[in-house]
Amino acid sequence: MNINTDFILLSKDNAIIAWNYVEHTQYQLSTSYSLRYVELMCKPQMYDPHNPIDKDLADYGLVKDFSSCTRDWGWDILSEIFHYGTKDLDTSNCPADEEAWAEAYIAHCEEILVKTNQKPPTTSILELEKIPLPTSPMPIITLEDAFLLRKTCRDFHAMPVNLQQLSVVLKATLGFRQAENNQNIPLEFSIRRYSPSGGGMNATNGYVYINSVGELKRGFYKYDPNDHSIILIKSTGRDLGSITNGQHFSDTAAFAILLTSRLNRLWWKYSHSRAYRMALIELGHHSQTALLSIAATGLKSWITGALEDTIIETELGIAGTHEQVFFCIAAGHGTDSPISKALLQRLNGNENNSV
Ligand SMILES: Cc1cc2nc3c(=O)[nH]c(=O)nc-3n(C[C@H](O)[C@H](O)[C@H](O)COP(=O)(O)O)c2cc1C
């Protein structure tokens with residue numbers, strides 16, 4: 001017999017929980033079961049089929065008759081737990097046809113609305129001075145041109161961009177569209193953006209780090225999609241590289257959108273942590289919209305997920321809340337080079353080098 005490594009042990013509410021993150025099952029272990037389980041973890045050869053505790057541990061799959069785990073996983077245990085822990089939906093109540101799906105969906109929505117007193121969580125907008133953004137028309141370029149122009153730039157000119165360009169990019173990335181009247185959808189849920197949103201919850205939120213845009217002060221701003229304005233949260237002397245894990249070639253970008261997810265809006269509607277995947281995927285959609293709109297405004301772009309999360313969240317005033325930062329999209333004037341100046345110099349210093 002071997003220990004089933006699909007189980008992790010958790011201490012919760014003064015109890016020990018054995019959690020099979022692959023099968024999505026959990027068992028609370030009494031002290032005697034916990035002690036015996038830990039003993040078997042260290043010496044699985046002590047397994048005794050006549051011991052009732054051992055037999056129970058085997059019946060519930062905590063110890064198993066197999067020699068090794070067959071899953072192929074090249075990352076650490078944390079990513080494996082997340083991936084398999086959110087893999088496969090519970091299909092026990094899977095609707096069999098379209099009508100059954102509609103009925104189940106309404107029941108699900110009603111259950112949430114009753115449970116939470118009708119209201120999804122909202123984020124209060126700071127009552128600081130708002131800076132209205134100009135309502136600039138979106139540039140008209142072909143889809144093919146937008147795709148071709150979107151390329152990663154790691155060579156930004158230290159040049160300001162104008163407020164109109166920032167305005168277009170923010171509107172496209174995070175702005176609200178004109179709400180469509182649909183009597184079957186409560187107003188709260190009819191707010192749409194230019195990118196899709198998991199469950200229509202608009203969990204993605206956005207902030208801007210301004211380096212050099214028109215007359216704006218250098219600092220961190222919050223974007224308010226309700227009236228297409230920005231609000232200065234904090235002036236800063238920081239470079240972009242200092243919050244993107246030392247990627248200082250980005251210091252000359254004019255601005256950067258910092259995408260956050262209000263995870264509480266997702267867990268309000270979806271109790272399963274699989275919704276965390278949806279948060280990430282939604283952020284990716286917003287990022288691509290940002291990139292295409294940056295290309296359409298004639299600017300260059302660069303993205304990164306290598307962020308100093310806690311520093312950024314502290315600067316934005318959201319540290320320790322349900323709102324977490326995930327991704328950064330920088331923009332500015334620049335060349336088409338995906339190789340930063342300093343890296344290029346190094347490479348040119350040694351002709352045999354390439355990336
Ligand atoms: C999820 C994600 C994370 C990325 N993180 C970084 C990063 O930390 N630093 C960086 O320089 N580029 C980053 N990139 C940009 C990729 O390196 C770039 O998209 C890739 O080399 C392809 O080049 P292209 O964007 O010009 O098509 C990231 C891209 C994605 C999609």
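Rule-based calculations on the coordinates, nothing more; no lab input. From a predicted model like this one, the values you see are computed outputs, not experimental measurements. Heads up, the Cβs are rebuilt from the backbone with ideal geometry, glycines too, and the neighbour counts pull from every protein chain shown.
Determine, from the Cβ-Cβ distance of THR135 and HIS285 and an R0 of 30 Å, the FRET efficiency 1/(1 + (r/R0)^6), rounded to the nearest 0.05.
The computed FRET efficiency comes out at 0.80.
Rounded, prolate or oblate: which fits segment 2-85, taking a ≥ b ≥ c as square roots of the Cα gyration tensor eigenvalues, rounded meaning a/c under 1.5, else prolate when a/b beats b/c? Can you show the working numbers first?
Details: a/c = 2.12, a/b = 1.30, b/c = 1.63.
The shape class here is oblate.
How much length, in nm to one decimal, is gained on full extension between GLU110 and ALA319, taken as 0.36 nm per residue of separation minus their Cα-Cα distance?
Here the answer is 72.0 nm.
Just from the alpha-carbon atoms, what are the Rg and Dmax of the chain in angstroms?
25.4, 79
State the extension gain, in nm to one decimal, for the chain segment bounded by ASN264 and LYS217, taking 0.36 nm per residue of separation less the distance between their alpha-carbons. Please report the intermediate quantities before stating the final value.
Details: separation 47, 0.36 × 47 = 16.92 nm, distance 3.14 nm.
That pair, ASN264 and LYS217, stretches by 13.8 nm at full extension.
Along Cα→Cβ, 7 Å out, is where each label goes; now give me the distance between the ones at ASP251 and LEU344 in nm to one decimal.
Those two pseudo-labels are separated by 1.8 nm.
Pick from MET278, MET201, MET41: which residue has the top mean-square fluctuation in a GNM of the chain where Cα pairs under 10 Å get a spring?
So, out of MET278, MET201, MET41, the one fluctuating most is MET41.
Counting only residues 5 or more places away or on other chains, whose amide H sits under 5 Å from the amide H of ARG193 once H atoms are built in the peptide plane?
ARG177
By per-residue mean of other Cβ atoms within 10 Å, what is the highest-first order of 223-230, 129-136?
Top to bottom by mean Cβ count within 10 Å: 223-230, 129-136.
Could you compute the net charge surrounding SER32? Neighbours are other residues with a C-beta less than 15 Å from the C-beta of SER32; K and R count +1, D and E count -1.
Once positives and negatives cancel, what remains is -2.
What list of ³J(HN,Hα) couplings, whole Hz, do you get for segment 154-167 from phi and the Karplus terms 6.51, -1.76, 1.60, once you set θ to phi - 60° and write x for glycine and proline?
3J(HN,Hα) across segment 154-167, in whole Hz: 10, 9, 8, 7, 7, 10, x, 9, 8, 4, 4, 5, 4, 4.
For segment 287-331 and segment 31-49, compute the distance between their C-alpha centroids and round to whole Å.
Comparing the Cα centres of segment 287-331 and segment 31-49, I get a distance of 48 Å.
When the label point is put 7 Å from the Cα of ASP309 along its Cα-to-beta-carbon vector, which residues of segment 265-283 have a backbone N closer than 18 Å?
Residues passing the 18 Å test: 265-267, 273-283.
Can you return the lysines within cross-link range of LYS171? Criterion is Cα-Cα under 30 Å, with same-chain partners fewer than 8 residues away left out.
LYS119, LYS130, LYS151, LYS217, LYS222, LYS234, LYS269, LYS300
Using a 10 angstrom cutoff on alpha carbons, build the Gaussian network for the chain and name the most mobile of GLY61, GLY246, GLY85.
Sorting by GNM fluctuation, first place goes to GLY61.
HN-Hα J couplings of segment 283-293 from phi, Karplus 6.51/-1.76/1.60, θ = phi - 60°, integer Hz, Gly and Pro as x?
Karplus values, whole Hz, x for Gly and Pro: 4, x, 5, 5, 5, 5, 4, 4, 4, 5, 6.
Given a Förster distance of 41 Å, report the FRET efficiency between LEU9 and PHE176 from their Cβ-Cβ distance, rounded to the nearest 0.05.
0.35
Build a GNM of the chain with springs between Cα atoms under 10 Å: which of ARG277, ARG262, ARG36 gets the top mean-square fluctuation?
ARG36
Just the number, please: percent antiparallel of the DSSP beta bridges in the chain, rounded to the nearest 5.
The antiparallel fraction comes to roughly 95 percent.
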